[in-house]
Amino acid sequence: MKAYDLNPEKIGRRLLGLVPAARQGDHSYPKSTAKDYLDHSDPETEFISDILNLPTKVLVDKWYGGDDAMLTLLLSAQEKMDKALKDK
């Protein structure tokens, strides 16, 4: 699975709950909470865990398919945003 296949709403909900859960669990860092308490059975949670733990190059390769594919994705997203702004 690649980053663009993930459900952004699921990621957002999990991230929004991470800091309160870390505070409630008296963790110094939300990273610890993610490791200990998030259910790692879905790709969205795996993505969050990876972002908190893996080096950038590994993330790019794993979730974006490498540098070239990531650049293509970013340019495509920028073109869509530019078009949407022009259409307003």
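Just one of the listed residues (Asp87, Asp36) is modelled with pLDDT under 95 and more than 24 Å from Lys10 (Cβ to Cβ), and it is Asp87. Name the residues in region 50-70 that are surrounded by fewer than 16 Cβ atoms within 10 Å (Cβ to Cβ) and of a type in the set (Ser, Thr, Tyr), would you? If the condition is that a residue be surrounded by fewer than 16 Cβ atoms within 10 Å (Cβ to Cβ) and of a type in the set (Ser, Thr, Tyr), then Thr56 is the only one that fits.
Residues considered: Lys80, Lys57, Lys10, Lys2. Of these, the only one that is touching a helix residue (DSSP H, G or I) at 6+ places or on another chain (Cβ under 9 Å) and free of Cβ contacts under 8 Å to residues at least 24 places away in the same chain is Lys57. Condition check: touching a residue at least 60 places away in the same chain (Cβ under 8 Å), of a type in the set (A, V, I, L, M, F, W, C) and either part of a loop (DSSP other than H, G, I, E, B) or surrounded by 15 or more Cβ atoms within 10 Å (Cβ to Cβ) (or both). Does Leu73 satisfy that? When the stated conditions are applied, Leu73 passes them.
The values are calculated or read from the model by the stated rules, or taken from the named source; none is laboratory data. Quantities reported herein were computed from a predicted structural model and do not represent experimental measurements. We place every Cβ from the backbone using ideal geometry, glycine too, and count neighbours over all the protein chains shown.
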